Amino acid sequence: MTDYESIDFSPILSPAATDGEVVTHSPVRDITLRSGKVLALITLDNGRDHTRPNTLGPATLAELGQTLAGLKARAAAGEIQAVGITGKQYILAAGADLSDISRLGSKDDARLVAQFGHKVLGSLSELGVPSFAFVNGLALGGGLEIALNSTYRTVDASAAAVALPEVFLGLIPGWGGAYLLPNLIGIENALEVVISNPLKQNRTLKPQQAFDLGIMDAIFPASTYLEDSLAWADGVLSGSVKVTRKHEPGKIERLTKWPVAIKMARGMLESKIGTVPRSPYVALDLLDKAKSGSKADGFAREDDALAELITGDQFAASMYAFDLVQKRAKRPVGAPDKQLAKKVTKVGVIGAGLMASQFALLFVRKLQVPVLITDLDQARVDKGLSYIHEEIGKLEAKGRLDADTANKLRGLVTGTTDKSQYADCDFVIEAVFEEVGVKQQVFGEIERIIADDAILATNTSSLSVEEIGATLAHPERLVGFHFFNPVAVMPLIEIVKTPKTSDAALSTAFVVAKGLGKNAVLTADAPGFVVNRLLAKVMGEAARAVYEGTPLLTVERAFGPLGLPMTPFQLIDLVGWKVAAHVQDTMVAAFPDRFYANENFHALAQLDAVVEKDKSGRVSGWTKQAEKALKGAVGSSPASEADILRRVQDGLAQEIRIMLDERVVPEVEDIDLCLILGAGWPFIDGGASPYLDREGASERVFGDTFHHPPIRGIAQH
């Protein structure tokens, strides 16, 4: 058992350690409740507006600790009967100040941060009077742990999000969450909140969900939230309100259900994410051990786990990735002044197939301007419109759109075979067959109809944008605008600039991308741009190994240490074998000495099914058709898993170095950002470049590293 009172916390509270921290203060006011009892209410507030949430750095925790110590003394003197804690408008707290944590100098300091959080937040349950957390807004990580350490919790029905997102960043809930939550809401629910949700693109809970799970004891409307919460607290104190919890500690089943849930979760993790990411498994072990032992034991385990993870490579890489997504993605490098952008009042989509219909739906939902789709015949147009209307209906049924907005959106989308209707479109994007001649033809027709300053955009995934625009009268108006599938979900758009693209066209593309809620990265007009070029490298090495004679599952396993969300052949099966074959051909045509394609790719692409999959979606073998197609086509020189992994690491390091030398993107950070947002490359790798530096591939290939110093955990320095 750790005696937090006897620990010297001065190393993390020195001026050097707290320099630059935006301190969240904890002023107190006494509120006399209707019963006459006095509740001392702490309001966490960093003095900034809602765009800069309260965070919990060392100086913040020190002040909160002093505040709570003072209130404990007042409670002992009988001056107050309860303590409440809430936040500034819209925000309780967004968790630990991660910039402070990433500056720590040693594992000992990392353990002190964990212990200090436990000491301060843990004191909420040791005040001698009940503590009430009034979760009035955003409560993430340490913000939610403030509530978990309190005796009772209420939540504002309009709070933005409630979550423990630490696993997403390579950490664990380390200020009580991993012990307190499962003992409050049961193991299955805790597994969802602590592990499953962070791994689903950092999913958070809405207030009603947090209440339904039993995390919160009461939920009140925003308009009267604090008054209702204080009246409820008064009822609890006077005994007129009985707090009943679905999962009282005595009612939580621990002997059979708990270990079974842990075992199932472990199996699910291994099949879904492999065994490379550390934090989900550390969290799983903590949740497992939370079924028995004391709170002090649980907190001590969190201290050790947090110290270990904070100082590791995966957290360092995660912080690099987090910074890219939070900062760099929001200020795209190379984007011209947004004042140059043409105002978009109507969008044209050439085509009415599935991709075109997904574009039209996204444009109308996000921009709420008229959207026109066209195709070769009315039947195709009608099919596209029908799809869009159905999808709007689904969003309405889920409560994502109200009836008025849904009707408005349906009215904004029109379809025709009459291309003259494009005349007043400001922004026209094509979604037609991936062939230069076809794209040139449709743009040639449209250019004669639209205004001189209207922007043309191509969604090509690997063709030359300059070549597509070669027959245009005004090639400067053409820009690459490459989405990723599924269009509604994937956050990246690669914006491709040709040597002729004007700043006005480029600026319009960036402004439109932002309006669509996407992150845009500027790339030169090079084969495969960024994401497909590097994925083609990965898929090509997988195909090469198969055609050398390596068993399929050996190849799949070889890629495990990359930590990618999908194995190579799982990915090829998702994007489609025809598309994959086309991309490989494009890359080999451009760079025959560095990329691999095989004519048998096209033979496999003609089959109904190429690979068999197990229940979790993992590739389990070839289909009988594929085995037949491959017979006689593969060699007899199988490669080992280690050889395959090394080849793909070195191949990626070489290709990224060449892309930087060729100025495909401004900096290596843009390549990592593209891979994270467009290919689901894991945060724990930091994209590709920090991983390749750590694995020695950069040194092997070009005798240097992408980052100086390489991005490594404290424990490695």
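The values are calculated or read from the model by the stated rules, or taken from the named source; none is laboratory data. Treat the numbers as computed from the prediction; the structure is a model and nothing was measured. Neighbour counts run over all protein chains shown; Cβ positions are idealised from the backbone, glycine included. When the accessible area is computed, the model is the full protein with side chains, heavy atoms only, and any ligands, DNA or RNA have been set aside. Shrake-Rupley method; radii C 1.70, N 1.55, O 1.52, S 1.80 Å.
Explain nothing, just the number: dipole magnitude of segment 553-636 about its Cα centre with +1 on each Lys and Arg Cβ and -1 on each Asp and Glu Cβ, in debye rounded to the nearest 20.
For segment 553-636, the charge dipole is close to 200 debye.
Mind scanning Lys107/Lys200; Lys408/Lys439; Lys246/Lys291; Lys537/Lys628; Lys330/Lys366 and naming the pairs with a C-alpha gap bigger than 21 Å?
As for pairs spanning more than 21 Å Cα to Cα, those are Lys107/Lys200; Lys408/Lys439; Lys537/Lys628.
Roughly how big is the chain's charge dipole about its Cα centre, with Cβ charges of +1 (Lys, Arg) and -1 (Asp, Glu), in debye to the nearest 20?
Details: 74 positive and 88 negative charges, 310 e Å.
For this selection, approximately 1480 debye.
Got a sec? Charge dipole of the chain, +1 on Cβ for Lys and Arg, -1 for Asp and Glu; which of Gln314, Ala335, Gln441 is way out at the positive end?
My answer, from the dipole projection, is Gln314.
Give the aspartates and glutamates whose C-alpha is closer than 17 Å to that of Lys383, dropping any in the same chain fewer than 8 places away, or say none.
Asp375, Glu391, Asp418
Describe numerically, in nm with one decimal, the distance between label points set 7 Å from Cα along Cα→Cβ at Phe702 and at Asp643.
2.7 nm
Under the definition of Cα pairs under 8 Å and six or more residues apart, what whole-number percent is the relative contact order of segment 1-103?
This gives 31 percent for segment 1-103.
Using a Förster distance of 22 angstrom, determine the FRET efficiency expected from the C-beta separation of Ala589 and Gln440, and round it to 0.05. All intermediate terms of the calculation are to be shown ahead of the outcome.
Working: r = 18 Å, r/R0 = 0.83.
With R0 = 22 Å, the Cβ-Cβ based efficiency is 0.75.
Counting alpha carbon pairs within less than 8 Å and at least 6 residues apart, what relative contact order, in whole percent, applies to the chain?
11 percent
How much accessible area per residue does segment 1-89 have, counting only protein heavy atoms and a probe of 1.4 Å, in square angstrom? Present the calculation step by step, with values, prior to reporting the outcome.
Details: 4440 Å² over 89 residues.
Result: 50 Å² per residue.
So how exposed is Ser636, as accessible area in Å² (1.4 Å probe, rounded to 10)?
110 Å²
Are any of the pairs Lys338/Lys518; Lys206/Lys346; Lys419/Lys497 more than 23 Å apart by Cα-Cα distance, and if so, which?
Numbers: Lys338/Lys518 16 Å; Lys206/Lys346 35 Å; Lys419/Lys497 27 Å.
Check vs 23 Å cut-off fails for Lys206/Lys346; Lys419/Lys497.
Return the equivalent ellipsoid semi-axes of the chain as a descending list in whole Å, where each equals the square root of 5 times an eigenvalue of the C-alpha gyration tensor.
So the equivalent ellipsoid measures 49, 32, 24 Å along its semi-axes.
Quick one: net charge of Ile676's neighbours, Cβ under 12 Å, K/R +1, D/E -1?
Result for the neighbourhood of Ile676: -4.
Place a +1 charge on the Cβ of each Lys and Arg in segment 258-389 and a -1 charge on the Cβ of each Asp and Glu, then give the dipole magnitude about the Cα centre in debye, rounded to the nearest 20.
680 debye
What net charge is computed for the residues neighbouring Ala526, neighbours being all others with C-beta under 12 Å from the C-beta of Ala526, Lys and Arg scored +1, Asp and Glu -1? Write out the running numbers ahead of the final one.
Numbers: positive: Lys497, Arg533, Arg663; negative: Glu466, Glu494, Asp525, Glu655, Asp661, Glu662.
Within the 12 Å Cβ shell, the charges total -3.
So if R0 is 22 Å, what FRET efficiency would Gln625 and Glu548 give, r being the distance between their Cβ atoms, rounded to the nearest 0.05?
FRET efficiency, Gln625 to Glu548: 0.55.
Which value in Å is the Kirkwood Rh of segment 395-482 over different Cα pairs?
Numbers: mean 1/r = 0.0683 Å⁻¹.
One decimal place: 14.6 Å for the Kirkwood radius.
Go ahead and run the numbers for FRET between Ser271 and Val22, Cβ-Cβ distance against an R0 of 45 Å, rounding to 0.05.
It comes to 0.60.
How much accessible area does Thr554 have with a 1.4 Å probe, in Å² rounded to the nearest 10?
30 Å²
With a 1.4 Å probe and every protein chain left in place, tell me how much accessible area Glu21 has, in Å² to the nearest 10.
In the full protein context, Glu21 sits at about 20 Å².
Compute from the Cα atoms of segment 59-199 the Rg and the Dmax, the latter being the longest Cα-Cα distance, and quote both in angstrom.
When restricted to Cα atoms, segment 59-199 yields Rg and Dmax of 15.1, 47 Å.
Using +1 at the C-beta of Lys and Arg and -1 at the C-beta of Asp and Glu, which of Leu506, Gly651, Ser6 has the Cα lying farthest in the positive direction of the dipole of the chain?
Ranked along the dipole, the leading option is Ser6.
Return one quarter of the surface area of the convex hull spanned by the alpha-carbon atoms of segment 491-571, equal to its mean projected area, in nm².
6.7 nm²
Using a 1.4 Å probe, what is the accessible area per residue for segment 510-663, in Å²?
Roughly 42 Å² per residue, with all protein chains present.
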